[in-house]
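Beneath this line is the structure, given in structure tokens, with notes to follow.
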Amino acid sequence: MSVEFKTDEERLVAEQAVGLYRSVLQAMHTAPEGRGLDTMETVLLNQGREHLRSILQQAMSTHPEVQKGGPAPGRAPAAKASRSDTTLPRV
């Protein structure tokens, strides 16, 4: 399979994904008897989160507003807090 990358960032993400896959395989081969799946899941969750963070950082760094240091393109309003029933008089 041949993949044509548009940017160096795409190439880096692909290389990181292959590295993650190799780490999962290594965990499978070195896991204690009966702990293969658990060991593989642990590696995938730990290193997978880091891989996702890296992808997010790379993607966000390409956004023009981020590069200028300007505001985000949209609003992110806070959710309205619900009232507590403890403030109402008891009947």
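So Val3 passes all but one of these: (1) among the aliphatic types (A, V, I, L, M); (2) modelled with pLDDT of 90 or more; (3) loosely packed, with under 10 Cβ neighbours inside 10 Å. Which condition number does it fail?
Of (1) among the aliphatic types (A, V, I, L, M); (2) modelled with pLDDT of 90 or more; (3) loosely packed, with under 10 Cβ neighbours inside 10 Å, only one is false for Val3: (2).
Cβ-Cβ below 6 Å, separation at least six or inter-chain, first residue in the stretch 8-19 and in a helix (DSSP H, G or I), second surrounded by 13 or more Cβ atoms within 10 Å (Cβ to Cβ): which pairs?
From residues that are in a helix (DSSP H, G or I), the pairs are Glu9/Gln58; Val13/Ile55; Gln16/His51.
The values are calculated or read from the model by the stated rules, or taken from the named source; none is laboratory data. Please read these numbers as outputs of a predicted model, since none were measured by experiment. Here Cβ is always computed from backbone atoms with ideal geometry, including for glycine, and neighbour counts include all displayed protein chains.
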